[in-house]
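One structure is given below, encoded as structure tokens.
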Amino acid sequence: MKTTELSLQRYFPWLLIIGILLNMPGLWLDVMEPDGALYATIAKHIVLHNDWINLFGDGHDWLDKPHFPFWMAAVSYKLFGISGFAYKFPAFVFWLVSLFYTYVTARDLFNATVAKIALLLYTVALHSTLANFDVRAEPYLTACTIAAVWHMLNIYKGKHWIHIVAAAFFIACAVMTKGIFILITIGSGWFIFLVITKQWRQFLNYRWWVMMGLSFIFILPELYSLYVQFDLHPEKVVFGRTNVSGLRFFFWDSQFGRFFNTGPIKGSGDLSFFLHTTLWAFLPWSAGLVGGLVYLFRYERDKNSLRWILYGSSLVTFLLFSLSKFQLPHYIVIEFPYFAIITAYFLYQKANDPVLDWFAKIQSGLLYILCGLILYLFYITDIQNAWIGAVLAVSIAIISAFLRDKIVLRKILFRGYATALMLYIFLFVFFYPFLLQYQSGASAARLISQKEDDIPVASYQSFSYAFEFYTPAGVNLIKSSNQLDDFIDDQNPCYLYTSAAVGDSLIRSGVDAEIVSASKNFHITKLKMGFLDHKKRGQALETRYLLYINETDFD
């Protein structure tokens, strides 16, 4: 496979740089609602109150995700100030860490060429890039998971003891990001490998037990925080009831409760959900992944191979997600390093096989289909300066069509990166900035000056996590009309973010209120054709007011 290695040597660093750069524009865009803005607000509360133990969201004690991502965001706020960039930046750093560990894992399980291909694939995989813009827990979780696997690989090989500490640290960070179910993703591949190779003595190897012991020690900050916030305060109302144990939720309800649909947070599962989700989420490499899985099942016969750590973990995690009653598309992102390596190995093995020509044609077809879709969206949405984006998309498609390369593997990579270039320029330069102008909470909050952080701010019947995050200080979340009357009576002057109907009603009732902004709002994470079509958009929008209230003169 010397030819394959040489074919990548010149272009690898340039493609990698392009891929990383394509992941960066989203760092400077607004944080999206609901989850991203909620998590950013929880981290903001940590910094404003200097409280690193108690998590607050939606105006009350918040029990859902563990602390680690919020701690990372809060540290970033301390360094850079409270902003959307500061919220996203640590997640981006962890994503860069996941690139490194994806490379070294593929290199040690396969070879350096497979590792380079895998790194190029993973860098521009669609939902991984989206996760760096709409940040939740996945960049942290993916990095910690693949890092733990690589350090465990070195523990197995008997290398330096520092790998025991590092593996335990990353395992603990993963658990403090998502919960104990992540141990299945990290450990299932190892369990399968040791069982099929009959290495029973490994289960008694002291190095593994030291690693697990250290992992438990490293998660003590999380356990302590949950105990202090909830177990010491059974009077707190959580999920509509008292006597809620944070430790029980962490070890059982949060994970097993979601899986079996018996916990306080419920969903409805579909066995096929992650099958079709993966097909779009892993673009532009989905066809290659399908080919890689077929190749794996047909030709990978070496049961003694350490690669079963990768295969087993990937399979078990996918089955676990598919069987779960609580499913969201971004969950699949933690599988992307595995998917990238499996796909890269297939492309490497078939580099000189004519079958790869078909995959090159699929990449070309995907590029042209995406170009057509982008042109259609430019037309129907009437995005500002759409003609510039349209010219860029067509130019990329035409240049790609005329580029000829005798090495099919390189052609696949070039077409995939051309697709990514076209897609991410469209998303981050045109489409998401267009959508975010209808996330009115952020724009309204920016009208409140930093110098006015002593003026009370409230939200009523138009709650927005983005408004809460971008407002300089805290926001009072008003739930009833009586609370609203009390707030206006007691706080003078004040800001109120509310619906146009409520704002107009208050003004008619005699409240001396100035309409600071009247912005159009839409739930931009639930897109509908009625909103995308610029001719019908007005009917789908809701007007929201930011009021500056001076007096409380009610009739």
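In table form, for the structure just shown:
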item	result
20 °C / 1.002 mPa s Stokes-Einstein diffusion coefficient of the chain, Kirkwood radius on C-alpha pairs, µm²/s	84 µm²/s
Contact order normalised by residue count of segment 139-235, Cα under 8 Å, 6+ apart, percent	31 percent
Ranked order, Ile374, Ile425 - accessible area, probe 1.4 Å, largest first	Ile425, Ile374
When the convex hull of its Cα atoms is projected in every direction, mean area for segment 1-138 (nm²)	9.4 nm²
Ordering of 205-214, 312-321, 331-340 by burial proxy (mean other Cβ atoms within 10 Å per residue, highest first)	331-340, 312-321, 205-214
Rounded accessible area of Glu33 (nearest 10 Å², 1.4 Å probe)	40 Å²
About the Cα centre, charge dipole magnitude for segment 54-109 (Lys/Arg +1, Asp/Glu -1 at Cβ), debye	240 debye
Dimensionless Rg ratio for segment 335-467, taking C-alpha atoms and the 2.2 N^0.38 Å reference	1.54
Positive-pole candidate from Leu347, Tyr224, Tyr424, dipole of the chain, charges at beta carbon	Leu347
Phi-based couplings in Hz for segment 188-198 (Karplus 6.51, -1.76, 1.60; Gly and Pro marked x)	5, x, 5, 4, 4, 4, 5, 6, 5, 9, 6
Overall Cα dimensions of segment 384-525 - principal axes, largest extent first, Å	76, 27, 25
Assigned charges on the beta-carbon of Lys, Arg, Asp, Glu; the chain dipole about Cα centre (debye)	3380 debye
Accessible area (Å², 1.4 Å probe, nearest 10) - Val75	60 Å²
Cleavage-rule hits, trypsin sites (Lys or Arg not before Pro), segment 1-102, DSSP coil, Cβ neighbours within 10 Å at most 12	Arg10
Potential lengthening between Val516 and Val394 on full extension [0.36 nm per residue; Cα-Cα distance subtracted]	39.7 nm
Per-residue [θ]222 nm for the chain (sum of -39500 (n - 2.57) over DSSP H runs n ≥ 4, rounded to 500)	-18000 deg cm²/dmol
Separation between Cα centres of segment 454-512 and segment 21-57, rounded to whole Å	22 Å
As computed over segment 139-181, the Cα convex hull volume per residue (Å³)	55 Å³
Solution diffusion estimate, µm²/s, Stokes-Einstein, segment 288-398, Kirkwood Rh from C-alpha pairs, 25 °C, viscosity 0.890 mPa s	143 µm²/s
Magnitude of the charge dipole, segment 17-145, Cβ model with Lys/Arg +1 and Asp/Glu -1, debye to 20	500 debye
More than 14 Å apart - percent of Cα-Cα pairs taken over segment 181-249	71 percent
Sites Asn352 and Asn111 - FRET efficiency at Förster radius 22 Å, r taken between beta-carbons, to 0.05	0.90
Alpha carbon centroid spacing (whole Å) that separates segment 393-421 from segment 186-259	46 Å
Pair Glu542, Leu323: separation of 7 Å Cα→Cβ label points (nm)	4.0 nm
Burial order of peptide ranges 243-256, 270-283 (average beta-carbon count within 10 Å, highest first)	243-256, 270-283
Table column - 3J(HN,Hα) (Hz), segment 230-240, Karplus curve with 6.51, -1.76, 1.60, x for Gly and Pro	10, 5, 7, 10, x, 6, 5, 8, 10, 6, x
Estimated inter-spin distance, Glu300 and Asp533, nm [label 7 Å along Cα→Cβ]	4.7 nm
In order through segment 64-78: 3J(HN,Hα) via Karplus (6.51 cos²θ - 1.76 cosθ + 1.60), integer Hz, x for Gly, Pro	8, 8, x, 7, 3, x, 6, 4, 5, 5, 5, 4, 5, 4, 4
Solution diffusion estimate, µm²/s, Stokes-Einstein, segment 55-198, Kirkwood Rh from C-alpha pairs, 25 °C, viscosity 0.890 mPa s	149 µm²/s
Share of pairwise Cα separations in segment 347-394, more than 15 Å, in percent	56 percent
Overall dimensions of segment 129-280 by Cα: Rg and Dmax, Å	17.9, 52
Extreme residue, positive dipole direction of segment 56-172, given options Tyr156, Ile82, Leu99 (C-beta unit charges)	Tyr156
Protection-proxy order for peptides 505-518, 357-370, each taking the mean of Cβ atoms within 10 Å per residue, highest first	357-370, 505-518
Residues His60 and Thr197, FRET efficiency given R0 of 56 Å [Cβ-Cβ distance, rounded to 0.05]	0.65
Overall Cα dimensions of segment 452-494, principal axis frame, Å, largest first	26, 21, 10
Binned Cα-Cα distances of segment 441-555, short to long, each 10 Å bin given as a whole percent	14, 46, 29, 11, 1
Spin-label pair Lys406/Thr525, simplified geometry with 7 Å Cα→Cβ offset, distance in nm	5.1 nm
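The values are calculated or read from the model by the stated rules, or taken from the named source; none is laboratory data. Since the model is a prediction, treat every value here as computed from it, not as a measurement. Heads up, the Cβs are rebuilt from the backbone with ideal geometry, glycines too, and the neighbour counts pull from every protein chain shown. Areas reflect the complete protein model, heavy atoms only, side chains present, ligands, DNA and RNA absent. Shrake-Rupley method; radii C 1.70, N 1.55, O 1.52, S 1.80 Å.
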